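None of the figures in this text is laboratory data; all of them are computed from the coordinates on show. Owing to the predicted nature of the structure, the values given are computational and were not obtained by experimental measurement. With ideal geometry, Cβ positions are generated from the backbone for all residues, glycine too; neighbour counts draw on all protein chains shown.
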C-alpha cells in the first residue's frame, strides 16, 4: 500500500514555486487532446429504454416535462420497472395508458412479505398472472434477492431458491420477460486495495463495499442466477447490466451461447464498452439479436454519452461520471441495423406492449 493515507495522495506544484497539496479524489485533469469531435444529444434512431426507473417523474405534474425530455433524446418509449403489484400496478398501467398512451410499459414486482408461508409461491405466481392480465409487460427482480433478502430465520434467500420456481414458470407461461438484476460489479466484492479498479467509487461510497464476512462471493451469487436461467429455458430473462460481464464480453458471449433464453441490456455499464471499442463492436454485431438499450438512472444529459459511444467513431472523450471510470471513452460506430435492434427491435420482439411499428 502507499505510504500516504488512503484518499490523500499528494501532488506538488513545483513549477509554481510552491507546494500545493490535493487529494486524488480532487484531481480533475482537463483533456488536452485535439481530435475530431462529434458529440450526440439525440439518438440516431428512436429507442426504448428497457431499464427505466421514472418513479416520481411520472406523476401527473411532472409527466409533461418528462415527455419533452424524452422527445429531445428521441426516446420513443420507456419501461417502468417499478410497477409494484396488485391494485397499485393496475392503477399505474391505467393512468399511464390514459395520460400518455404508447409511451410506457410497466413491469410488475414481487411482494416478499410472508415468504416463509408455504403458500407464498403459489400466491406469488397467481399474482403475477393477474398482474399480466392487468397490463404488466414483464417482471422486474431487484438485487436484494441473493444479497440482502432473508427469511424468517435470518438466512439469505438464494437467487435459485425453489420457492421462486413457480414464478419463473408463470412468466414463461404468460410470455413476459423477467428483467433481473443480480449482485453488483465483481470489484465491489474484491479486496478494497490499490489494485481495485473501482477503488475511487468504493472510497467515495463505502456502503458499496461487499466484504466476505457479510456477503457471499460474487461468483456464488452469479452462479445462482445462471442456474435459474438453465432450469427455466422456456422463460426469457433479461440479464441487467450485461450480467456484470461488461469487462469480460467473451465470457458473456459464451454464457449467451449456452443459454438462448438469456438476453441482456447495457444500463450503467457503458464505461466498460467505451474502453474496448473494437472488440465490443465485434461482440455487438455477433450478439445483435440479444442486447437491448437500458440506462438505469434517469439523467437526460448522460444519455448523450451513450449515443456517442454507440454511434460515433470519436476517440478519447469524457465519460459522464468519474467514479465509474477514470479512463476515457471511444466510439464503437455500430452499423445502423445493429443500432436499430439495440434501440428497439429486440425489445419489441420479447416485451409485450412494445411494437416495432411504434418506432417507424
Worksheet item: Label points 7 Å out from Cα along the Cβ direction at residue 213 and residue 285: separation in nm?
Response: 5.1 nm
Worksheet entry | Between segment 22-93 and segment 197-272, the Cα center-to-center distance that results, in Å | 22 Å
Response to the item:
For segment 264-336, shape from the Cα gyration tensor axes a ≥ b ≥ c, cut at a/c of 1.5 then a/b versus b/c, turns out oblate
Worksheet item: Out of 168, 327, 244, any idea which swings most in a Gaussian network model of the chain, alpha carbons joined below 10 Å?
Response: 327
Worksheet item: Most fluctuating residue of 110, 342, 81 in a GNM of the chain with Cα springs under 10 Å: which is it?
Response: 110
Worksheet item: What order do you get for 192-198, 90-96, 102-108, 223-229 when each peptide is scored by the mean count of other beta carbon atoms within 10 Å, highest first?
Response: 102-108, 223-229, 90-96, 192-198
Discussion item. Given points 7 Å out from each Cα along the Cα-Cβ axis, report the residue 72 to residue 23 separation in nanometres with one decimal.
Written reply: 3.3 nm
Worksheet item: Can you work out the FRET efficiency for the pair residue 98 and residue 61, with r the C-beta to C-beta distance and R0 = 22 Å, to the nearest 0.05?
Response: 0.90
Worksheet entry | Tensor-based shape of segment 210-253 (alpha-carbon gyration tensor, a/c under 1.5 rounded, otherwise prolate or oblate) | oblate
Worksheet item: Efficiency by 1/(1 + (r/R0)^6): what FRET value for residue 114 and residue 205, r their Cβ-Cβ distance, R0 = 30 Å, to the nearest 0.05?
Response: 0.35
Response to the item:
For the chain, longest principal axis from Cα atoms; helix 218-231 axis from its Cα atoms; angle between them, nearest 10 degrees, is 30 degrees
Item to complete: Among DSSP beta bridges whose residues both lie in segment 38-359, state the antiparallel percentage, nearest 5.
Response: 10 percent
Response to the item:
Within segment 167-181, the residues whose backbone N lies under 20 Å from a label point placed 7 Å from the Cα of residue 155 along the Cα-to-Cβ direction are 167
Item to complete: Compute the long axis of helix 277-286 from its Cα atoms, compare it with the longest principal axis of the Cα atoms of the chain, and write down the angle in degrees, 0 to 90, nearest 10.
Response: 20 degrees
Worksheet item: Given a cut-off of under 8 Å on Cα pairs at least six residues apart, what relative contact order in percent is computed for segment 141-255?
Response: 33 percent
Worksheet, complete the sentence: Within the set 306, 344, 298, GNM on the chain using Cα springs under 10 Å gives the largest fluctuation to 298
Worksheet item: Per the Cauchy relation, a quarter of the hull surface: what is the mean projected area of the convex hull of the alpha carbons in segment 38-359, in nm²?
Response: 16.0 nm²
Response to the item:
With -39,500 (n - 2.57) per DSSP H segment of 4 or more residues and division by the full residue count of the chain, the 222 nm estimate, nearest 500 deg cm²/dmol, is -9500 deg cm²/dmol
Worksheet entry | Angle between the chain longest axis and helix 86-99 axis [Cα atoms, degrees, rounded to 10] | 70 degrees
Worksheet entry | Computed E for residue 41/residue 88 - FRET, C-beta separation, R0 41 angstrom, nearest 0.05 | 0.70
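Which whole-number percentage describes the relative contact order of the chain, with Cα contacts under 8 Å and a sequence gap of 6 or more?
Value for the chain: 18 percent.
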